[in-house]
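Visitor: After the structure tokens below, expect a handful of questions from me.
The values are calculated or read from the model by the stated rules, or taken from the named source; none is laboratory data. Note that the coordinates shown come from a computational prediction; the quantities given were computed from them, not determined experimentally. Ideal geometry is used to build each Cβ from the backbone, glycine not excepted, and the neighbour counts take in all protein chains shown. These accessible areas exclude ligands, DNA and RNA; they are computed on the full protein's heavy atoms, side chains included. Shrake-Rupley method; radii C 1.70, N 1.55, O 1.52, S 1.80 Å.
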Amino acid sequence: MAVPELTGEDLATGADLTVTDVTVGYPGSGLGGRRSPAVVLRDLNLTARAGRVTVLLGANGCGKSTLLRSIAGLQPVLGGTVRLGVQDLLALPPRERAARLAVVLTDRFDPGLLRGADVVELGRYPHRRPAGGLRPADREAIDTAVAAVRAAHLLERPLARMSDGQRQRILIARALAQQPGALLLDEPTAFLDAPARLELLAVLGRIAAQRSIPVLVTSHDVELAVRADGDAWLIGGGRTVSGPLRELAADGSIAAAFDTPAVEWDADGARFRLR
Ligand SMILES: Nc1ncnc2c1ncn2[C@@H]1O[C@H](COP(=O)(O)OP(=O)(O)OP(=O)(O)O)[C@@H](O)[C@H]1O
């Protein structure tokens with residue numbers, strides 16, 4: 001069956017990302033794969049709203065990356081569906097999914113001789129014809145993406161000679177150049193200094209609002225996320241809750257997910273403190 005050509009202009013935005021009855025984890029290992037699957041999170045029902053940043057929060061090892069990678073189709077879900085609007089994302093062939101959903105991971109890769117500009121251009125791949133060159137619409141998408149993360153000065157530089165934070169900007173520009181209907185980022189602030197973290201969350205908020213897409217971000221930085229005032233999916237205390245982050249910060253949900261014998265969430269100060 002011929003795969004229709006996809007262009008940024010054809011793709012609808014304004015659709016929520018919806019996770020229905022989703023169970024994630026790792027398939028059974030052992031001899032012949034006979035051991036039962038290791039379930040990390042079970043029966044999740046969550047929505048990341050178009051136009052908003054949703055921060056995926058929870059303590060180390062709770063399953064944030066596993067869930068993000070499963071939603072992105074990078075590892076199989078153990079059950080359930082992931083939809084962008086009415087489109088069942090996990091049923092799509094990878095190239096069609098890539099035209100709708102952009103993913104930025106923290107995994108290191110060997111960039112070889114690739115320059116910043118080469119990497120951002122890769123974002124147009126799902127929209128291009130085989131052997132086709134860049135069209136004006138591709139150039140425009142690339143320029144807009146580069147401007148959004150202020151990465152123009154990095155375009156000629158080889159990735160191998162960039163700092164972690166600079167490389168992160170280029171990878172986000174590549175994802176934006178895809179003109180996706182949803183944007184997923186695993187720990188995008190991990191390598192950034194404090195001002196750059198705050199700025200990045202603000203940029204993502206602007207992109208979500210301007211393009212009317214859901215932006216789903218894993219983070220360890222609860223205090224920063226609360227300041228940025230987005231939505232959250234919060235894993236911890238034996239459940240997963242969702243809602244505007246400031247409400248979860250005030251109603252005890254963050255405390256239930258993160259408090260330890262030594263540290264507690266201070267809802268008034270919106271920060272953690274030693275007991
Ligand atoms: N490849 C794998 N095979 C089996 N189990 C795995 C695999 N990768 C991760 N896990 C397990 O899945 C669980 C969730 O891991 P995950 O990396 O999703 O957590 P996380 O919330 O992103 O953690 P962190 O905050 O430390 O980055 C952990 O118990 C982990 O040991």
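Visitor: Could you give the accessible area per residue of the chain, probe 1.4 Å, as a whole number in Å²?
Guide: With the other protein chains kept in place, the chain gives 48 Å² per residue.
Visitor: For the chain, which whole percent of the accessible surface, found with a 1.4 angstrom probe, sits on carbon and sulfur atoms?
Guide: C and S atoms contribute 52 percent here.
Visitor: May I pose another question? In whole angstrom, how far apart do the alpha carbon centroids of segment 106-125 and segment 202-275 sit?
Guide: First find each Cα centre; the distance between them is then 31 Å.
Visitor: Under a 1.4 angstrom probe, counting protein chains only, how are V241, V19 ranked by accessible area, largest first?
Guide: I get V241, V19, largest accessible area first.
Visitor: OK, next. Taking 0.36 nm per residue of separation and subtracting the Cα-Cα distance, what length does fully extending N45 through E199 add?
Guide: Full-extension gain reported as 52.4 nm.
Visitor: Just check segment 21-167 against the gyration tensor rule for me: Cα atoms, a ≥ b ≥ c as the square roots of the eigenvalues, rounded for a/c under 1.5, and otherwise prolate or oblate depending on whether a/b exceeds b/c.
Guide: prolate
Visitor: Taking amide hydrogens as modeled 1.01 Å from N in the peptide plane, which residues meet the under 5 Å criterion relative to R115, leaving out close sequence neighbours?
Guide: Amide H neighbours of R115: L159.
Visitor: Calculate the spin-label point distance for L134 paired with L274, positioning each point 7 Å from the Cα along the beta-carbon direction, and give it in nanometres.
Guide: 5.3
Visitor: Under 20 °C and 1.002 mPa s, how fast does the chain diffuse according to Stokes-Einstein, given a Kirkwood radius computed over C-alpha pairs? Answer in µm²/s, whole number.
Guide: 110
Visitor: Next question, about the same structure. Per-residue counts of other Cβ atoms within 10 Å, averaged by peptide: what ranking do you get for 22-28, 44-50, highest first?
Guide: Highest-to-lowest ranking by the protection proxy: 44-50, 22-28.
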